[in-house]
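Enquirer: Following this message is one structure expressed as structure tokens.
The values are calculated or read from the model by the stated rules, or taken from the named source; none is laboratory data. Bear in mind that the values here come from a model prediction, so they are computed numbers and not experimental data. For neighbour counting, all protein chains shown are included, and Cβ atoms are generated from backbone atoms with ideal geometry for every residue, glycine included. Surface accessibility is based on the protein's heavy atoms, side chains included, excluding ligands, DNA and RNA. Shrake-Rupley method; radii C 1.70, N 1.55, O 1.52, S 1.80 Å.
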Protein chains: 2
Amino acid sequence: MRNAYAIGLDVGGTRIAAGLVERKGRIVREVKLSTPKGSGPFAIVDAIVDAVSEITSGLHPSEIAGVGIGLPAQIDFTRQSVEFCTNLPLAGIDMRGLVMSRLKYPVTIDNDGNTAALGESRYGAAKGIKDFVMVTLGTGVGGGVFIGGKLHRGSRGFAGEIGHMVIVVDGPECPCGGHGHLESFSARPAVIREARAAAETYRGSSITRLAGGDADAITAEIVIEAANAGDEAAVEVMSRVGDMLGEGLVGLVNVLNPEAIIVGGGIGESCPMVSKRAAGRIAAEALAGRRDVRVLIAELGNDAGVAGAAALAFDDHDSREGIH
Amino acid sequence: MRNAYAIGLDVGGTRIAAGLVERKGRIVREVKLSTPKGSGPFAIVDAIVDAVSEITSGLHPSEIAGVGIGLPAQIDFTRQSVEFCTNLPLAGIDMRGLVMSRLKYPVTIDNDGNTAALGESRYGAAKGIKDFVMVTLGTGVGGGVFIGGKLHRGSRGFAGEIGHMVIVVDGPECPCGGHGHLESFSARPAVIREARAAAETYRGSSITRLAGGDADAITAEIVIEAANAGDEAAVEVMSRVGDMLGEGLVGLVNVLNPEAIIVGGGIGESCPMVSKRAAGRIAAEALAGRRDVRVLIAELGNDAGVAGAAALAFDDHDSREGIH
């Protein structure tokens, strides 16, 4: 069938996932590979092209609506250029042009927070919700803002950086160079930092046991496992992550009055107390009339990146073809 | 001429202004009166009706597109209801219905931050700008968000409360009951509080002289006058107001990527160093690629309330008539 599939690519610092995705979001074929390290941007482009070739083998080009690529980068969506990328050597690389010159399909690139929002909107927790804020908690804090049923891109296509709201003026430095941003409190490095301190204070904490007695071996996953099992130190750490998330969201709820907040990313999805605490802060601190905002956990899990990037490709195809 | 005019009403805690406004924004007639105090909501409705009758005398009803009312209140725009109002007894009052039953014109009500944004968009500093954030600094901090050429209202019509973003977690209490909100640092009460402290420290400050040596007589206007003249204490106070505004705006710039920020309200318009300092913070702290946001001072000044409310009435009329 014509344009029955889109190809979604989720390019991360350690892993690339490529999926052949049906219009309704089902991933029918998928390949995952390690992100080529230390061999420059062209090795990443090669890997993407190889992955796409593999999952499209046997299909006619007319069956493919297009390719969507989600990148952990600041994207000028209007120009389709990669402006900044912390973990991969992609800044200034014409990723879209390079991939498109090697494949027969239209290519669209976007920030991975935006593709996550697109995916949840089309296939996940935000289906049917026109005004929502997506926030992803992982290595960093990212997200996307839906307004009137559309991803809000802003004047240069940079919108959606929810992790970079100031919630503590003159607070700790953020990886972006700013200070006191939400990301400094609610992403993986903050979880690990706080958990090390908490494990010192609560000597019997299962965080220490799960890390084999080695503070350097503490990961966010360990802290979340301990918190979900009720470990006091871990609960304290993850509650704080949720509270700080909530403080950032109070501002967005007051400014944007969204219908829902979707909490995703590895941390958001595997640790329910994070979104619960955030919802509690919103209920206590947001202006009345806005407190009924629904705080939901993202539904796409590990598929979010691939499905969201495919949604991007479908959306781009449909707007080219004038389909709404 | 049919629908040549709209009536704009700016209802404040101390004053009501009503204007007969042409499509291009010129105010051709205006009346100002003191807000009736202590005699309940119906006296306010009476005052509004009297003011409208006065400025429309001699006109044919068909010449009036409608009445717009800006209120210092939380408005559920969708239901056209007043949900909360700190300074006037209007909460729960069907202001729109009461005024409409006494006048022959369609009536629309909105929050005064939103009407300010509408006014600047149609007649002022934001003309031709599709994505901007309006922030008004006065008794409180209010505002409005324009996205894609339209005022963003959110799921229940409550959007735009820029003053109620958390910028200091667990910071000082805000009049709304929240903590560490932008309003706690950049509105009139903060100016006065900080100026009293600064006048203590800088004994020779002209703040003290302008206030006749009486700390209780210090007003925001005095502090701004002193700051604009270069008084060290006053400059420190107003710079801080601008810096804190900038910290709040960094978050909005990163999340919404607007083309411009319009700074209005009595404080924003009369003290240029406030928007200058805010722009400096944005340039230093926002994510690269978004720092070129223009920070502009509102242009409508004392006319903002009336002209903006008239813009609301024109917009409402045009959308009823299917005019775009």
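Enquirer: Filter segment A:117-133 for residues that are open to solvent by 10 Å² or more (accessible area, probe 1.4 Å), away from chain B (no Cβ under 14 Å) and among the small types (Gly, Ala, Ser) and give the result.
Expert: A:Ser121, A:Ala125, listed by residue number.
Enquirer: Let me ask another. List the number of the failed condition for A:Val133; all other conditions in (1) in the same structural domain as A:Val263 (by TED's automatic domain parsing); (2) at pLDDT below 95; (3) assigned to a strand (DSSP E or B) hold.
Expert: Answer for A:Val133: the failing condition is (2).
Enquirer: May I ask you to verify whether B:Ser62 is over 21 Å from the mean Cα position of the chain (by Cα) and hydroxyl-bearing (Ser, Thr, Tyr)? Break it down into steps so the answer makes sense when it comes.
Expert: Working: over 21 Å from the mean Cα position of the chain (by Cα): yes; hydroxyl-bearing (Ser, Thr, Tyr): yes.
Yes; evaluated as a whole, the condition is true for this residue.
Enquirer: Among the candidates A:Arg193, A:Arg240, single out the residue that is open to solvent by 60 Å² or more (accessible area, probe 1.4 Å), assigned to a helix (DSSP H, G or I), within 11 Å of another protein chain (Cβ to nearest Cβ) and of a type in the set (D, E, K, R).
Expert: Numbers: A:Arg193 fails: within 11 Å of another protein chain (Cβ to nearest Cβ).
None of the others qualify; the one that does is A:Arg240.
Enquirer: Here is a list: A:Pro175, A:Pro106. Which entry is assigned by TED's automatic domain parsing to the domain that holds A:Gly12 and either open to solvent by less than 10 Å² (accessible area, probe 1.4 Å) or over 18 Å from A:Val250 (Cα atoms) (or both)?
Expert: On the way: A:Pro175 fails: assigned by TED's automatic domain parsing to the domain that holds A:Gly12.
Every option except A:Pro106 fails the conditions.
Enquirer: When you go through (1) more than 18 Å from the chain's Cα centre (by Cα); (2) open to solvent by less than 10 Å² (accessible area, probe 1.4 Å); (3) within 11 Å of another protein chain (Cβ to nearest Cβ) one by one for B:Val169, which number turns out not to apply?
Expert: Only one criterion is unmet by B:Val169, namely (2).
Enquirer: If I filter segment B:78-103 down to residues being open to solvent by 70 Å² or more (accessible area, probe 1.4 Å) and among the charged types (D, E, K, R), which single residue comes out as modelled with the lowest pLDDT?
Expert: B:Arg79
Enquirer: What's the number of the condition B:Leu249 fails, among (1) within 13 Å of chain A (Cβ to nearest Cβ); (2) open to solvent by less than 10 Å² (accessible area, probe 1.4 Å); (3) more than 20 Å from B:Gly143 (Cβ to Cβ)?
Expert: With (1) within 13 Å of chain A (Cβ to nearest Cβ); (2) open to solvent by less than 10 Å² (accessible area, probe 1.4 Å); (3) more than 20 Å from B:Gly143 (Cβ to Cβ) applied to B:Leu249, the lone miss is (3).
Enquirer: Kindly evaluate A:Val107 against the criterion of being under 30 Å from B:Phe158 (Cβ atoms) and at pLDDT 95 or above. So that I can check it myself, show each step before the final result.
Expert: Working: under 30 Å from B:Phe158 (Cβ atoms): no; at pLDDT 95 or above: yes.
So A:Val107 does not fit the description; no.
Enquirer: Test of understanding: among B:Gly113, B:Gly66, B:Gly97, B:Gly138, which residue is small (Gly, Ala, Ser) and in the same structural domain as B:Ser184 (by TED's automatic domain parsing)? Lay out the reasoning, then the answer.
Expert: Values: B:Gly113 fails: in the same structural domain as B:Ser184 (by TED's automatic domain parsing); B:Gly66 fails: in the same structural domain as B:Ser184 (by TED's automatic domain parsing); B:Gly97 fails: in the same structural domain as B:Ser184 (by TED's automatic domain parsing).
Exactly one of B:Gly113, B:Gly66, B:Gly97, B:Gly138 is small (Gly, Ala, Ser) and in the same structural domain as B:Ser184 (by TED's automatic domain parsing), namely B:Gly138.
Enquirer: Test each condition in (1) out of contact with any Pro (no Cβ under 7 Å at 6 or more places or on another chain); (2) open to solvent by less than 40 Å² (accessible area, probe 1.4 Å); (3) more than 17 Å from A:Ala311 (Cα to Cα); (4) touching a residue at least 60 places away in the same chain (Cβ under 8 Å) for A:Ile48 and report the one that comes out false.
Expert: Of everything listed in (1) out of contact with any Pro (no Cβ under 7 Å at 6 or more places or on another chain); (2) open to solvent by less than 40 Å² (accessible area, probe 1.4 Å); (3) more than 17 Å from A:Ala311 (Cα to Cα); (4) touching a residue at least 60 places away in the same chain (Cβ under 8 Å), A:Ile48 misses just condition (4).
Enquirer: Give me a count of the residues in segment B:252-271 that are within 14 Å of chain A (Cβ to nearest Cβ) and polar (S, T, N, Q).
Expert: 2
Enquirer: In a loop (DSSP other than H, G, I, E, B) and within 12 Å of chain B (Cβ to nearest Cβ), is that true of A:Gly144?
Expert: Values: in a loop (DSSP other than H, G, I, E, B): no; within 12 Å of chain B (Cβ to nearest Cβ): yes.
No: the conditions fail for A:Gly144.
Enquirer: Given the criterion in a helix (DSSP H, G or I), surrounded by 20 or more Cβ atoms within 10 Å (Cβ to Cβ), in contact (Cβ under 8 Å) with a residue 12 or more places away in the chain and under 17 Å from the mean Cα position of the chain (by Cα), identify the matching residue among B:Phe185, B:Phe158. Walk me through it before giving the result.
Expert: Working: B:Phe158 fails: in a helix (DSSP H, G or I).
Answer to the check: B:Phe185.
Enquirer: Can you tell me which of (1) open to solvent by 10 Å² or more (accessible area, probe 1.4 Å); (2) under 25 Å from B:Arg79 (Cβ atoms); (3) in contact (Cβ under 8 Å) with a residue 40 or more places away in the chain; (4) more than 7 Å from chain A (Cβ to nearest Cβ) is the one B:Thr139 doesn't meet?
Expert: (2)
Enquirer: Would you call B:Ala51 assigned to a helix (DSSP H, G or I), in contact with a strand residue (DSSP E or B) (Cβ under 6 Å, 6 or more places away or on another chain) and modelled with pLDDT of 95 or more? Even if it seems obvious, please write down each step before you answer.
Expert: Values: assigned to a helix (DSSP H, G or I): yes; in contact with a strand residue (DSSP E or B) (Cβ under 6 Å, 6 or more places away or on another chain): yes; modelled with pLDDT of 95 or more: yes.
Answer is yes for this residue.
Enquirer: Picking from A:Ala284, A:Ala304, A:Ala288, which residue would you name as being open to solvent by 10 Å² or more (accessible area, probe 1.4 Å), assigned to a loop (DSSP other than H, G, I, E, B), of a type in the set (A, V, I, L, M) and under 29 Å from A:Gly148 (Cβ atoms)?
Expert: Numbers: A:Ala284 fails: assigned to a loop (DSSP other than H, G, I, E, B); A:Ala304 fails: assigned to a loop (DSSP other than H, G, I, E, B).
None of the other options fit; the residue is A:Ala288.
Enquirer: Let me ask something else. Quick check on this structure: which one of A:Gly58, A:Gly38, A:Gly25 is assigned to a loop (DSSP other than H, G, I, E, B), more than 24 Å from A:Val141 (Cα to Cα) and in contact with a Gly (Cβ under 9 Å, 6 or more places away or on another chain)?
Expert: Working: A:Gly58 fails: in contact with a Gly (Cβ under 9 Å, 6 or more places away or on another chain); A:Gly38 fails: in contact with a Gly (Cβ under 9 Å, 6 or more places away or on another chain).
Testing whether each residue is assigned to a loop (DSSP other than H, G, I, E, B), more than 24 Å from A:Val141 (Cα to Cα) and in contact with a Gly (Cβ under 9 Å, 6 or more places away or on another chain) leaves just A:Gly25.
Enquirer: What residue, among those in segment A:147-156 that are at the interface with chain B (Cβ under 7 Å from one of its Cβ atoms) and of a type in the set (Gly, Ala, Ser), is nearest to B:Ser155 (Cα to Cα)?
Expert: A:Gly154
Enquirer: If you don't mind, there's one more thing I want to ask. Which one of these is of a type in the set (Gly, Ala, Ser) and under 15 Å from A:Gly268 (Cα atoms): A:Ala211, A:Ala195, A:Ala220?
Expert: Only one candidate passes the filter, namely A:Ala220.
Enquirer: Could you count how many residues in segment B:204-217 are under 11 Å from B:Glu232 (Cα atoms) and in a loop (DSSP other than H, G, I, E, B)? Show your work before the answer.
Expert: Here is the first cut: in segment B:204-217, the ones under 11 Å from B:Glu232 (Cα atoms) are B:204-207.
From what's left, in a loop (DSSP other than H, G, I, E, B): B:204-205.
Here the count works out to 2.
Enquirer: Continuing with the same structure: Within segment B:208-222, is even one residue open to solvent by less than 40 Å² (accessible area, probe 1.4 Å) and either touching a Phe, Trp or Tyr at 6+ places or on another chain (Cβ under 7 Å) or closer than 27 Å to B:Gly148 by Cα (or both)?
Expert: No, because not a single residue in segment B:208-222 is open to solvent by less than 40 Å² (accessible area, probe 1.4 Å) and either touching a Phe, Trp or Tyr at 6+ places or on another chain (Cβ under 7 Å) or closer than 27 Å to B:Gly148 by Cα (or both).
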